[in-house]
Amino acid sequence: MWTFFHKLGSPPWLYGISGTILRYLVPLTLIGLAVGVTWGLLFTAPDFRQGNSYRIIYIHVPAAVVALAGYYVMATAGAVSLIWKMKMADIAMKACAPIGAALTFVALVTGAVWGKPTWGTWWVWDARITSMLILLFLYLGVIALYEAYDNKEAAAKACAVLSLVGTVNIPIIYKSVDWWYSLHQPASIKFTGESTIHASMLYPLLLMIISFYALFTCALLMNMRGEMLARERRTKWVRKLAEDKAR
Amino acid sequence: MAEDLSLERGGRQLFTGLSFAVRPQQVILVEGANGAGKTSLIRILAGLSRYGFEGRVARHGPMLYLGHHSAVKALLTPRENLAWHVSGESQYTDDEIEAALSRVGLHGYEDVLSHTLSAGQHRRVNLARLYLSRSPLWLLDEPFTAIDVSGVAELQSLFAAHVKQGGAVVLTSHQALNIDHQVSRLDLSAGVLP
Amino acid sequence: MNTPGTALFCARLLRRQLVLAARRPVDIGNPLLFFAMVVALFPLGLGPAPDTLADFAPGILWIVALLSNLLTSDGVFRSDFDDGSLEQLLLSPQPLYLSVLAYVCAHWLVTGLLLALVSPVFALMLNLPATGIVALFFSLLLGTAVLSLVGGIGAALTVGLRRGGMLISLLILPLYMPVLIFGSAAVKAAVSGSPAAPYLAILGAMLSLAVALAPIATAAGLRISVDA
């Protein structure tokens, strides 16, 4: 267990293993996404109430789910970085933020696109949309804080503290917004509950969620590899890598 | 105690493989050009810098660190400033604080607001802590900045008295030390204690 | 060496902060003036109709209180960071958690508490019904304490940065939202005649959580900022 942990802290080892993982994971992710999108868009029945417009959930729901999970990945990496002072955790945390922000943004935009035909308006101050918006703010806050520090090591620690504070706050924010919405909710807007979703619609959705997790992992690893090379550019192993590439 | 310290700043290796121990009755003068990492080293020894360097620092017992900044609040009087700064460490009576202030030449200024004082006097308020300190180890970053000639001489005799009682002083300074005690030099470009 | 008691040390820190604030009274007055001016903007923007203003008053008063708290949070540690006092605090043998609480407490006393005390005047100016004023006072009393604690985290993380002012808003405004929701809900409930106590209880719960956790994050943030 501990040797594995130590290996995780070593950039050359992590660089090597992540290269191997990516070699298999990237094609798998692309296949998963392609199958999921085709299945969801072409081979499922249209929803009896929303018609074809509901199909955007095959992008919207996975993006939202993974965006939220990404925040917890970031906060976990932050905790590891603060407790064990592991540099790789710094890099992982820093790599999470833009990916998570992008996914949150995708979820918001697809939500708006979905909202137009469903509710007749681009934006509704609904509990989930508002929570996603706040999640986007939290991500952007982490990115802004990281960029504001000149000393990148301190930047990573500061972001770790901020993301941990965010973790404690996300359930509170989510619950407050939920409650706030139920207080103000006009009766005219109704939700299509996820529980009523038909199995034929559910399977492609599950496939898309898994593929989005894989996509997140790929993006995270690629981002981390770039950052690793940039940080370790003066070390022997990076030089050797560059020489091997040049040959 | 410092072991195998190395520090990299902005892609430049400032020092590496630096190991030394500070023992009682020792005065260590950290030398090096501007930007050699003197301040960084003192801050690492004090425990203020915890990231961005390799190696290990072990501290035994209390220490007193005085940095670049005088830590003097303009809206407090020297007496209040000094009383606040020492209040975390130990209990002192008003007389002790007054005595320390007059030792650094601030007799008569105890109760005026500090923003009317000069930079050198701010510095002196801060240095008055040395007269009250019971910490064996002093870490001083440029203690003579803005201090006049007689003040420097007095501080140096204070250092000598401190080490003779078993204390130790680690300091950076651009001025030549004229202390009645043996001074070890730590040249950061060399990286080892002679 | 006889280290003085922690309680005594924190009391001294609190007194020092209050003395510093009292010697520059403008700094105490500024947030209140800001509060007054922004409140005055709303009738100009929304129109002077008393009914509209009364409808929006709970939200307006709470948002303005939140903003003036935000603007003052930035300065909680700034001068101590600039002159090196913060380094000395980190090196002192006293627990940083409690020192941070003392700082935040001083900040709340000169901003949140005063805002809560003067808020009835502004509530009357915005035509808030009298039934809401008591709820406004108590919700501000509890809520601004949470805001000060959370604001302390942002202040600690940005104190070492040149351009901290804008950044701190980006970092902590999302964290302020639950307080805003329940604070204004308490006032609205009282205005509509239902009990405000449940909302105040939730604000109290948030305060307990913030007292327990926020100083830990603030202390960690201060160590990082001094390090950088």
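Look at the Cα gyration tensor of chain A: its axes a ≥ b ≥ c give a/c of at least 1.5 with a/b at or below b/c, and that counts as oblate. Within the straight-line cut-off of under 22 Å between alpha carbons, the lysines reachable from C:Lys188 are A:Lys175, sequence neighbours fewer than 8 places apart in one chain being disregarded.
Name the residue from B:Ala160, B:His85, B:Tyr65 whose Cα lies farthest towards the positive end of the charge dipole of chain B, charges +1 on Cβ of Lys and Arg and -1 on Cβ of Asp and Glu. After comparing all options, I get B:Tyr65.
Ordering A:86-94, B:89-97, B:43-51 by mean Cβ neighbour count within 10 Å, with the highest value first, yields A:86-94, B:43-51, B:89-97.
Simple rule: put +1 on each Lys or Arg Cβ and -1 on each Asp or Glu Cβ in the protein assembly as shown, find the dipole, and look at B:Leu127, C:Leu200, C:Phe9; the Cα lying farthest toward the positive end is C:Leu200. For chain C, a crude dipole built from +1 on the beta carbon of Lys and Arg and -1 on the beta carbon of Asp and Glu, taken about the Cα centre, is about 280 debye to the nearest 20. Within straight-line reach of A:Lys152, meaning a Cα separation under 27 Å, sit the following lysines at least 8 residues removed in sequence or on another chain: A:Lys7, A:Lys85, A:Lys87, A:Lys94, A:Lys236, A:Lys240, B:Lys38. Based on the reciprocal of the average 1/r between different C-alpha atoms, the Kirkwood radius for the protein assembly as shown equals 28.4 Å.
Working from Cα pairs under 8 Å separated by at least six residues, relative contact order for chain B is 33 percent. Would you please give the FRET efficiency between A:Ile210 and A:Thr121, computed as 1/(1 + (r/R0)^6) with r the Cβ-Cβ distance and R0 = 25 Å, to the nearest 0.05? Once rounded, the FRET efficiency stands at 0.20. Among complete DSSP H helices in chain A, those whose alpha-carbon atoms stretch at least 27 Å along the helix's long axis and whose mean Kyte-Doolittle hydropathy reaches -1.0 are A:11-42, A:57-84, A:87-119, A:127-148, A:152-184, A:199-231. If you run the Gaussian network model on chain C, springs between alpha carbon atoms under 10 Å, then out of C:Gly193, C:Gly29, C:Gly132 the most flexible one is C:Gly193.
Counts of other chain beta carbons within 10 angstrom of each beta carbon in peptide C:88-99 average 4.
Compare the Cα positions of C:Met37, C:Leu53, C:Leu18 along the charge dipole of segment C:6-227 (+1 at Cβ of Lys, Arg; -1 at Cβ of Asp, Glu; about the Cα centre) and return the one farthest towards the positive end. After comparing all options, I get C:Leu18. Remark: mean inter-chain Cβ contacts per residue of A:123-134 equal 1, using a 10 Å Cβ-Cβ cutoff to other protein chain atoms. Remark: segment A:42-132 carries a charge dipole of roughly 120 debye about the Cα centre, counting +1 on each Lys and Arg Cβ and -1 on each Asp and Glu Cβ. Using Cβ point charges alone (K and R +1, D and E -1), the dipole size of segment B:74-134 about the Cα centre works out to roughly 340 debye. Peptide packing: for C:16-25, C:39-48, B:130-139, the average count of neighbouring Cβ atoms within 10 Å per residue gives the ranking B:130-139, C:16-25, C:39-48, highest mean first. Taking each DSSP H run with n ≥ 4 as -39500 (n - 2.57) and averaging over every residue of the protein assembly as shown yields -23000 deg cm²/dmol at 222 nm.
Peptide C:206-219 shows a mean partner chain C-beta count of 2 within 10 Å per residue C-beta. The Rg/Rh ratio of segment C:6-227, with both radii computed over alpha carbons and Rh defined as the Kirkwood radius, is 0.99. Given the options B:Ala71, B:Ala119, B:Ala176, which has the most mean-square fluctuation in a GNM of chain B, springs set between C-alpha atoms less than 10 angstrom apart? In the Gaussian network model the winner is B:Ala176.
Reported to the nearest whole Å, the Cα centre-to-centre distance from segment C:98-115 to segment C:65-88 is 11.
The angle between the Cα long axis of helix C:25-46 and the main principal axis of chain C comes to about 30°, on a 0 to 90 degree scale.
No lab work stands behind these numbers, since they all come straight from the coordinates. This one's a predicted model, so the numbers in the text were calculated from it and none came from an experiment. A quick note on method: Cβ atoms are made from the backbone with ideal geometry, for glycine too, and the neighbour counts reach across all protein chains shown.
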